[in-house]
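Asker: My questions all concern the structure below.
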Amino acid sequence: MKYTCELVINLPRDRMVELFDDPENMLKWMDGLQSFEHVSGTPGEPGATSRLTFARDNGETFDMIETLTRYNLPDEISGTYETEGVRNEIENWFVEDGPNATQWIAHNVFEFGGFMRIAAWFMRPLFKRQSLKIMESFKVFAESTALASEDPSDGGE
């Protein structure tokens, strides 16, 4: 299964990418993420792996392994995400859309094994909706972070 999602973030590209590239921020915007742990390789270099632990609605957890495949910021960060029965390759592209906006383009390629091969056929529309939901969650986080840093009540003028 292949699809592309696009979203405009109302921030300059450098600031948007800075927020996106910080693993500690993931806990603030990625729904269900419990932890992000570097496993091997040099962070920020292709081949680096990390473990993402997520909580399901029923309280159970599952792990996903991220492997960085390309790290060419501020233009692109790409990787694979693998969990039982599912492998997702994501190419994230960040394109300036004026001085204060960034277009985020995410190309997704899913491969399924076992039972997920059958289930995915029925759940196909849900995958793209979930990808967009994650992107929109980041947009809210990033734009609200920028607004908070511009708050005149912080003593600056």
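The values are calculated or read from the model by the stated rules, or taken from the named source; none is laboratory data. As the structure is a computational prediction, the values presented were derived from the model and not from experiment. All Cβ positions, even for glycine, are placed from backbone atoms using ideal geometry, and neighbour counts span all protein chains on display. What goes into the accessible areas is simple: the full protein's heavy atoms, side chains included, and nothing from ligands, DNA or RNA. Shrake-Rupley method; radii C 1.70, N 1.55, O 1.52, S 1.80 Å.
Asker: Considering only residues of the range 1-35 that are open to solvent by 60 Å² or more (accessible area, probe 1.4 Å) and either among the aliphatic types (A, V, I, L, M) or touching a helix residue (DSSP H, G or I) at 6+ places or on another chain (Cβ under 7 Å) (or both), which is modelled with the lowest pLDDT?
Answerer: Only one residue fits best here, namely D31.
Asker: Just to be sure before I move on: is N58 surrounded by 13 or more Cβ atoms within 10 Å (Cβ to Cβ) and more than 20 Å from N108 (Cα to Cα) in the structure I sent? Step through it out loud before you land on a result.
Answerer: Working: surrounded by 13 or more Cβ atoms within 10 Å (Cβ to Cβ): no; more than 20 Å from N108 (Cα to Cα): yes.
No: the conditions fail for N58.
Asker: Identify the residue in the range 85-100 that is touching a residue at least 24 places away in the same chain (Cβ under 8 Å) and in a loop (DSSP other than H, G, I, E, B) and, among all such residues, is least open to solvent (accessible area, probe 1.4 Å).
Answerer: The extreme case among them is G85.
Asker: Which members of the range 44-61 meet the condition of being in contact (Cβ under 8 Å) with a residue 24 or more places away in the chain and assigned to a loop (DSSP other than H, G, I, E, B)? Spell out the reasoning first.
Answerer: The initial filter retains those residues of the range 44-61 that are in contact (Cβ under 8 Å) with a residue 24 or more places away in the chain, namely 44-46, 50, 52, 56, 61.
Once the filter is applied, which keeps residues that are in contact (Cβ under 8 Å) with a residue 24 or more places away in the chain and assigned to a loop (DSSP other than H, G, I, E, B), the range 44-61 yields G44, E45, P46, R56.
Asker: Scan the range 67-80 for residues that are out of contact with any helix residue (DSSP H, G or I) (no Cβ under 6 Å at 6 or more places or on another chain), open to solvent by 30 Å² or more (accessible area, probe 1.4 Å) and in contact (Cβ under 8 Å) with a residue 12 or more places away in the chain and report the count. So that I can check it myself, show each step before the final result.
Answerer: The first filter runs over the range 67-80 and keeps only residues out of contact with any helix residue (DSSP H, G or I) (no Cβ under 6 Å at 6 or more places or on another chain), leaving 67-72, 75-80.
From what's left, open to solvent by 30 Å² or more (accessible area, probe 1.4 Å): 67, 69-72, 75.
In the following step, the residues that additionally are in contact (Cβ under 8 Å) with a residue 12 or more places away in the chain were identified as 67, 69-71, 75.
Total meeting the criteria: 5.
Asker: Which condition number in (1) of a type outside the set (V, I, T); (2) in contact (Cβ under 8 Å) with a residue 40 or more places away in the chain; (3) in contact with a strand residue (DSSP E or B) (Cβ under 8 Å, 6 or more places away or on another chain) is the one that W29 fails?
Answerer: It is condition (3) that W29 fails.
Asker: Looking for something of a type in the set (A, V, I, L, M, F, W, C) and assigned to a helix (DSSP H, G or I) - is there at least one such residue anywhere in the range 28-35?
Answerer: Taking the range 28-35 first, the residues of a type in the set (A, V, I, L, M, F, W, C) are 29-30, 33.
From the residues that got through so far, the ones that are assigned to a helix (DSSP H, G or I) too are 29.
Yes, some residue in the range 28-35 is of a type in the set (A, V, I, L, M, F, W, C) and assigned to a helix (DSSP H, G or I).
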